[in-house]
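Everything below concerns the one structure shown next.
The values are calculated or read from the model by the stated rules, or taken from the named source; none is laboratory data. Just so you know, these numbers come straight off a predicted model, no measurement behind them. Cβ sites come from the backbone with ideal geometry, for glycine too, and all protein chains shown count toward neighbours. Ligands, DNA and RNA are excluded from the accessible area calculation, which covers all protein heavy atoms including side chains. Shrake-Rupley method; radii C 1.70, N 1.55, O 1.52, S 1.80 Å.
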Amino acid sequence: MPKPTGLLDRPGSQSDTFWYTAKTKLLGPPLVNEQLGEQRLSKPLALGVLSPDGISSSAYGTEEILIALLPVAGLAAFTLILPLTLVILFVMILVVLSYREIVMVYVRPGGSYVVARENFGPRIAQICAVALLIDYVVTVAVQVAAGTAAVASAIPAIGPYKLEICVGVVVLMAFGNLRGLKEAGRAFAVPTYLFSGSVILMIVVGLVREAMGNLHAIPASTMHGTYALGAGTDGIVSAVMIFTLLKAFANGGASLTGIEAVSDAVGAFNPPEGRNARTVLVTEGLILGVLVAGISWLAHTTHATPRIVGYPTVLAQEAQAVFGSTVVGHLFFLLVQLATMLILYTGANTSFNGFPFLTSYVAGDSFLPRWLLKRGHRLVFSNAIILLTVTAIALLVIKDADVNSLVPLYAIGVFTAFSMAGFGMARYHTSHRAPGWRPKFIINFSAGVLTLVVVGIFAVVKFTEGAWVVLLLFAILVPALIRLNTEYRAEAEVLDTVTGEQPPPPPHYSRRVVFVLVDSFDLATLAALRYARSLRPTQIRAVHFVIDSVRAEKLRDKWTRADRGVALDFIDCPDRRLIKAATDLAEREVAVEGTHVTVILPRRSYSALLGRLLHDRTADKIAAAVSRIPRSAATIVPYDVPSRVAVLQERQAAKSTAASAAAKAAKAAAKGQPPAAANGWPQPVIVTPPSPPGDTAVEEAASPAELAREGEVAAAHSLFRKRGPVTAAGVTAIGAVTGGKVAVEGKVRVVEIRPVERNSVLAVEINDSTGNLTAMFYGRSHIPGLICGARVRLTGSVGLKEGQPVMINPAYELVSLSD
């Protein structure tokens with residue numbers, strides 16, 4: 001398929017950041033949305049791709065039963081394992097029958113969560129969501145730990161490093177999935193068929209050898225590091241034995257995890273989706289049943305005993321006993337271990353597909369943070385993959401990658417999802433009452449009850465071994481998810497303005513005041529002032545909160561010399577509470593009726609790490625506080641310092657080159673020789689004009705280096721220009737006006753509408769560096785061109801009000817829109 005073209009293929013003016021370049025090198029080029037395709041699965045391919053999680057559970061289910069039985073029942077454990085296996089198979093059959101109904105009704109992805117949400121509502125469904133989230137995390141840890149134990153069974157030397165290997169495998173899985181690894185490839189189906197075929201071959205060969213009488217129990221003398229064998233009990237009905245049997249049943253329940261994977265991907269099947277999914281589900285159940293029954297029977301026959309360190313596994317001991325110690329037998333033993341490792345690692349990888357999609361469904365229902373909905377660089381849910389990776393690795397480290405320690409955390413989540421799905425389908429049948437619904441209702445309701453009983457058994461017999469952690473997570477996460485949804489719904493109610501009614505008219509404010517908070521006089525501040533003028537407010541005020549009086553005096557000097565046409569107010573802030581000072585300022589202004597306040601905060605932007613080190617994000621804190629005040633808004637104007645520094649460095653280098661060339665030219669002129677270029681032609685002599693007269697006083701107030709830097713920066717960006725005294729013919733300086741009819745010229749500093757009796761007046765204040773004058777235009781609310789920053793000439797009679805010159809309805813001439 002040709003690569004789609006779009007914005008990603010166009011060269012831009014912005015260079016890529018270091019982190020983006022590194023991510024591209026590591027994960028590959030970004031994918032565009034058109035490449036987000038969906039691959040349909042045939043039944044054989046679906047069985048191979050969707051079954052590893054379920055089928056691979058048979059590799060350690062029997063071993064977990066024996067771990068619970070041996071310390072109490074002793075050798076009788078190898079007899080008790082058979083009836084316990086039958087009970088587990090009965091539960092498996094009921095769960096498979098229950099999910100047969102689910103895949104026929106719910107074709108959409110989501111499985112148990114969708115069933116619970118549709119039938120019990122989104123809030124109750126969060127119990128199922130938490131159960132599945134826990135299940136996916138523990139699945140990664142258990143499957144990877146079991147897969148590594150299979151490798152250690154064949155190569156015991158790597159056993160002491162099982163934790164490091166497990167962590168490395170999880171990181172590799174995360175890396176592959178962040179690159180956009182697709183589970184629907186044929187390669188992912190190979191482990192399922194390889195494991196099923198090799199283990200079934202082992203079972204068949206073992207049964208044949210047993211029938212021929214040459215399959216014997218493993219001698220106890222050859223076993224080292226096994227769990228201690230108990231002395232047994234007086235009866236099967238003793239309290240200790242009953243508890244042990246329940247504990248063994250709970251351990252064996254781990255064999256059923258992963259059956260629900262088919263229901264999570266019904267929509268990926270070839271049509272008819274439901275019928276094909278049902279066929280694959282039943283086939284998976286049959287294979288799993290054969291494997292669990294066969295491995296348990298061989299354990300009964302060979303007396304394969306679990307080891308405390310976790311390897312060699314029961315399955316590995318059975319394979320060694322069945323195939324023998326010949327070269328061919330050892331090759332088949334290695335084949336079983338290889339297949340076991342592959343299917344367990346593949347089963348762990350299914351969580352990297354299921355967990356991100358589940359979190360996206362729950363986040364789409366507004367019960368998880370919305371950043372889990374975001375697809376990343378390679379069109380995968382990167383945030384969810386990283387979250388799963390971190391939690392799974394933490395779990396492996398805490399439990400030292402021990403399968404037996406992880407199992408108590410495993411099945412509670414799985415069986416809770418089974419129970420919710422069973423009860424949800426039972427409710428579906430009672431509400432829809434389709435033909436033949438009663439038998440289906442009985443199946444789903446029975447599955448719900450039985451799996452709920454299993455959850456209760458797990459919670460009791462595994463409580464001290466780690467089940468309490470899962471119960472605590474349920475108690476914390478379910479209310480937390482519901483609380484998060486409440487917050488999202490409250491936000492939606494506030495922000496949702498799309499209704500069937502006519503929207504209210506926009507508010508009309510007679511005064512719009514803009515405050516520019518000034519910390520220092522630099523390019524960031526000038527950019528904020530320029531943005532403030534673009535808002536066309538009635539009044540602009542620059543404000544500096546005085547914390548350091550010496551620094552404030554320097555700022556006053558710089559501001560006065562720059563002559564920006566905006567007065568700088570200094571407000572004392574002795575307690576250094578800048579946020580409170582800013583909110584107090586805004587609150588005082590909005591107290592005037594009809595006033596809206598905008599606070600502009602210049603922020604110097606650096607790289608993420610450097611910005612954190614250099615600045616404490618005061619602008620963000622002030623903006624958040626001001627935005628909570630009615631009729632107030634805050635705007636942060638970023639100024640990219642690194643890019644500006646690069647520009648200035650280039651200009652300084654060019655200036656140094658020009659100065660060097662000028663010096664050479666002057667030297668050549670002094671010798672009476674015209675300067676020559678590289679091509680031999682004479683160059684014009686560059687003469688630097690003398691400084692304007694007004695610069696002498698300025699130089700006395702600041703160092704030459706400082707002035708040169710500020711002048712270069714300001715001139716380069718055309719941010720301000722020094723103006724001399726007014727020399728236009730017929731124009732009087734405002735500071736010299738005493739009365740009578742005059743013409744004045746200045747920059748508009750304030751524009752505001754003032755209400756009067758049954759009318760309004762437009763007040764325009766101008767400044768010409770010698771003073772301020774206010775022009776009152778009665779009956780006007782707006783005059784085109786008269787905006788803050790514009791330069792205007794006013795002609796009219798001047799009166800004095802409170803010592804300040806005022807013109808009433810003067811003639812006006814727009815000299816320039818802005819400086």
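I'm checking my understanding of the structure. Among residues of segment 629-664 that are modelled with pLDDT of 80 or more and open to solvent by less than 50 Å² (accessible area, probe 1.4 Å), which one is farthest from T583 (Cα to Cα)? Among those residues, the one meeting the criterion is V637.
For segment 800-819, the set of residues classified as assigned to a strand (DSSP E or B) and either loosely packed, with under 13 Cβ neighbours inside 10 Å or out of contact with any Gly (no Cβ under 8 Å at 6 or more places or on another chain) (or both) consists of L800, K801, Q804, A811, Y812, E813, V815, S816, listed by residue number. Against the list (1) aliphatic (A, V, I, L, M); (2) in contact with a Pro (Cβ under 8 Å, 6 or more places away or on another chain); (3) without any contact (Cβ under 8 Å) to a residue 60 or more places away in the chain, the condition V390 fails is (2). Candidates in segment 260-319 are the residues that are closer than 24 Å to Y136 by Cβ and outside any helix (DSSP H, G or I); of these, the one that is modelled with the highest pLDDT is T313.
Inspect segment 500-512 for any residue being modelled with pLDDT under 85, in contact with an Asp or Glu (Cβ under 9 Å, 6 or more places away or on another chain) and either within 21 Å of S769 (Cβ to Cβ) or surrounded by fewer than 17 Cβ atoms within 10 Å (Cβ to Cβ) (or both) and give the result as yes or no. The answer is yes, given that some residue of segment 500-512 is modelled with pLDDT under 85, in contact with an Asp or Glu (Cβ under 9 Å, 6 or more places away or on another chain) and either within 21 Å of S769 (Cβ to Cβ) or surrounded by fewer than 17 Cβ atoms within 10 Å (Cβ to Cβ) (or both). Of all the numbered requirements in (1) open to solvent by 40 Å² or more (accessible area, probe 1.4 Å); (2) among the hydrophobic types (A, V, I, L, M, F, W, C); (3) in contact (Cβ under 8 Å) with a residue 12 or more places away in the chain, L529 misses one, and that requirement is (1). Taking into account only those residues within segment 777-799 that are touching a residue at least 24 places away in the same chain (Cβ under 8 Å) and farther than 28 Å from R530 by Cβ, which is most open to solvent (accessible area, probe 1.4 Å)? So, considering only residues that are touching a residue at least 24 places away in the same chain (Cβ under 8 Å) and farther than 28 Å from R530 by Cβ, the one most open to solvent (accessible area, probe 1.4 Å) is Y778.
When restricted to residues that are part of a strand (DSSP E or B), more than 17 Å from I734 (Cα to Cα) and among the hydrophobic types (A, V, I, L, M, F, W, C), segment 774-796 contains 1.
The residue of segment 252-307 that is most open to solvent (accessible area, probe 1.4 Å), among those that are among the aliphatic types (A, V, I, L, M) and over 42 Å from the mean Cα position of the chain (by Cα), is V290. Considering the conditions (1) of a type in the set (G, A, S); (2) open to solvent by 20 Å² or more (accessible area, probe 1.4 Å); (3) within 12 Å of the chain's Cα centre (by Cα), A394 is excluded by exactly one of them, (3). The residue of segment 568-614 that is nearest to R530 (Cα to Cα), among those that are modelled with pLDDT under 80 and among the small types (G, A, S), is S605.
Going residue by residue through segment 101-108, is there one that turns out to be touching a Phe, Trp or Tyr at 6+ places or on another chain (Cβ under 7 Å), in a helix (DSSP H, G or I) and either without any contact (Cβ under 8 Å) to a residue 12 or more places away in the chain or buried (at least 24 other Cβ atoms within 10 Å of the Cβ) (or both)? No, because not a single residue in segment 101-108 is touching a Phe, Trp or Tyr at 6+ places or on another chain (Cβ under 7 Å), in a helix (DSSP H, G or I) and either without any contact (Cβ under 8 Å) to a residue 12 or more places away in the chain or buried (at least 24 other Cβ atoms within 10 Å of the Cβ) (or both).
Scanning segment 373-391 for residues that are outside any helix (DSSP H, G or I) and open to solvent by 50 Å² or more (accessible area, probe 1.4 Å) returns K374, R375.
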